1. Please report the relative contact order for the chain, taking Cα pairs under 8 Å with a sequence separation of at least 6, and give it as a percent rounded to a whole number.
2. Between (1) 54, 38, 38; (2) 50, 41, 41; (3) 99, 45, 34, which entry matches Cα extents along the principal axes in Å as derived from the coordinates of this structure?
3. Quickly rank 167-174, 17-24 as a protection proxy: mean count of other C-beta atoms within 10 Å, highest first.
4. So how tilted is helix 5-16 from the main axis of the chain? Cα-based, degrees 0 to 90, rounded to 10.
5. Mind checking which lysines have their C-alpha under 18 Å from K146, skipping anything on the same chain fewer than 8 residues away?
6. Please give me, ordered by residue number, the trypsin sites (Lys or Arg not before Pro) of region 63-133 that lie in loop per DSSP and have at most 16 other Cβ atoms within 10 Å.
7. Measuring from label point to label point, each 7 Å out along Cα→Cβ, what is the S56 to L160 span in nm?
8. Quick one: Cα centre-to-centre distance for region 8-61 and region 208-234, in angstrom?
Amino acid sequence: MGIDIGQALREGASRTTGKNGLVLAIVFAGIALLTTVLANSFFVELVELFLELIQSTSPEELGVSQQEYEQQVQLLSELRSSLTGPTVIGLPISVAFTGIVATAFISEAISVILVRMFSRDDLDTISRDLIIDGILMATLNGFVGKIIVWGLIIATFPLLILPAVFVAVAFYFMRQEIALNNKNFIQAMADSWRITKGSRIEVFLIGAVLVLISQLEPAASAIINSITTIGGAVAGALVGGVLAVFGAAVATRAYVQLDGAGDTVESDSDEEFEDPYDAALGPDDLSR
């Protein structure tokens, strides 16, 4: 049984526009906006660090001509100026980096919660225990697993685009396996590979649709940014928050389709091949 793409998209949209979906979208928007501020602040401080390092060194020590030295200084100065704005605050580079990691971890925790919520057919049956059970380990495994998967995608992309796409598709349901089945990231990657087998074209199409829809975020940000920089950042974060919830909801509903089919196959298989000797031995058995 494959994936009904239309059903996954419809169910994802209905859950995104529901109360829980909109609340999570706002939370994701806040995290995205905070991440933007931290990332911009980090890069400004990084450029400042390189600029100070170069200016404290002579062209002879760097092994470049005076003209090349001045070009490098000018390039870094222009880059620093282009990054400064209302989304940059004065933070030490270590603090900004720690903040980026922390927001990424929090975002993963919320993603795990979202998967657990949207995997339920009846949203009214969601309990507190369902949400917080093993949340720390699930978040940690999801965080590490995401880094590994993205590392594989980046490593295979320069070779050919197809291997990178294949990696993304094969491990598409890793987070769902972690969030719903309390697996570590290695088991989740293996089971995502297994569960997508035979349905990878549908998974690819879902991913392609979500990538196309995700272009709404930079478009909205660019339009508002032409009027006000901070408004563009806020608009991009809001649209990105909604799209993050929608993407996770669609992926989760597609996973539910495949996981349900898998459970059915396994249970039917167990019933068909019942062990005829799964009982106590009788006199006739002993006399053989």
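1. Working: 302 pairs, mean separation 88.9, N = 288.
Relative contact order for the chain comes out at 31 percent.
2. (3)
3. My ranking of the peptides, most packed first, is 167-174, 17-24.
4. Taking Cα atoms only, the helix is inclined about 70 degrees.
5. K183
6. On the way: sites: R80, R116, R120, R128; in loops: R120.
For trypsin sites (Lys or Arg not before Pro) across region 63-133 that sit outside H, G, I, E and B with at most 16 neighbouring Cβ atoms in 10 Å, the list reads R120.
7. In this crude spin-label approximation the distance works out to 4.9 nm.
8. For region 8-61 versus region 208-234, the Cα centre distance is 14 Å.
Just so you know, all these numbers are worked out from the coordinates, no wet-lab data involved. Remember, it's a predicted structure, so these values are computed and weren't measured experimentally. Cβ coordinates were reconstructed from backbone atoms using ideal geometry, including for glycine residues, and neighbour counts include every protein chain displayed.
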